[in-house]
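Notes follow the structure.
The values are calculated or read from the model by the stated rules, or taken from the named source; none is laboratory data. Note that the structure is a prediction, hence the values are computed from the model and not measured. For neighbour counting, all protein chains shown are included, and Cβ atoms are generated from backbone atoms with ideal geometry for every residue, glycine included. The protein model used for the area step is the full one, side chains on, heavy atoms only, and it has no ligands, DNA or RNA in it. Shrake-Rupley method; radii C 1.70, N 1.55, O 1.52, S 1.80 Å.
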Amino acid sequence: MVKENTKIGITLLLLLSGLAIAGLFIVLFTELAEEVMSQEFGIFDSFIIKLILVNQSPTMDALMVFITELGSVWFLGTLSIVVILVLWFKGRDKWGVLFFIIAVGGGGLLTTLLKHLYARERPSINEEIDAVGFSFPSGHSIGSLIFYGFVIFLIVRGRQKEWVKWTVSISLVVLVMLIGTSRIYLGAHFPSDVAAGYIAGIIWLLLCLTALEWIIWQSGSRIRPVKGLRKMLQSGLRLAKEKTNRTKV
């Protein structure tokens with residue numbers, strides 16, 4: 001019993017920590033958006049752009065175009081199908097599939113909503129690198145952070161060896177950072193767009209993972225309000241149906 005209570009306490013602490021961190025990033029995103037819309041990030045954006053473009057060259061151009069494609073809609077969409085198939089057929093993880101779809105699909109909707117809400121123009125328009133529409137926040141940053149972040153979560157909670165988990169996780173974190181850098185280098189986004197994209201992505205990813213962990217915990221815990229709520233709803237529907245049948249008679 002004590003062991004069960006300890007497990008419940010740790011789980012609740014982790015869930016609340018996830019919500020608290022998400023809340024903190026919501027505050028950070030709001031502050032950043034206000035600063036950007038008031039044009040107070042011009043110096044920061046200019047400094048970062050000049051810093052990144054120091055090593056500009058044809059070879060670097062080609063490398064950045066390749067990296068930016070790793071965060072594109074078509075590429076992440078293709079990989080998402082692969083992840084869903086693996087989770088469904090190999091892992092039999094129905095909750096993982098559901099929340100992965102919610103995370104990735106919801107991230108796309110969130111990006112569209114925020115872009116139209118703030119309607120910030122891009123530094124430059126280039127359809128070849130998917131630089132069209134509004135700029136703030138960066139869709140590549142949001143999408144790549146959510147997708148690769150969810151993959152890291154799946155790997156960390158898997159049964160791989162520790163060195164494999166660390167190697168893959170660090171590599172994917174670096175990749176996400178490089179994707180954001182490529183958007184700045186190629187002139188598709190301001191640095192503040194990329195920063196805002198990372199913050200928004202972290203918020204949505206944390207909320208999705210917290211909800212997923214909550215559902216998983218409820219499925220294996222002796223305290224099951226989710227199942228209890230489902231039974232209440234089923235009883236209510238059954239009573240309503242019986243009342244309707246009696247009325248018809």
Residues with amide H under 5 Å from that of ALA131, placed H, sequence gap 5 or more: ASN126
Prolate/oblate/rounded label for region 67-198 (Cα gyration tensor, a/c 1.5): prolate
Members of LYS94/LYS115; LYS90/LYS165; LYS90/LYS115; LYS94/LYS161 lying beyond 26 Å, as alpha-carbon distances in this model show: LYS94/LYS115; LYS90/LYS115
Spin-label pair LEU51/VAL73, simplified geometry with 7 Å Cα→Cβ offset, distance in nm: 3.1 nm
Area accessible to solvent at TRP74, 1.4 Å probe radius, in Å²: 150 Å²
Carbon and sulfur %, accessible surface of region 90-224 computed with the full protein complex present, 1.4 Å: 68 percent
Fully extended contour minus Cα-Cα distance, from PHE66 to TRP166, at 0.36 nm per residue: 33.5 nm
Rounded FRET efficiency, nearest 0.05, which uses the C-beta distance separating PHE44 from VAL82 and R0 of 30 Å: 0.20
R0 of 22 Å, Cβ-Cβ distance VAL174-ALA119: FRET efficiency to nearest 0.05: 0.10
Per residue, in Å², the accessible surface of region 76-164 once ligands and nucleic acids are set aside, probe 1.4 Å: 56 Å²
Label point 7 Å beyond Cα of ARG92 along Cβ direction - residues of region 135-156 with amide nitrogen under 19 Å: none
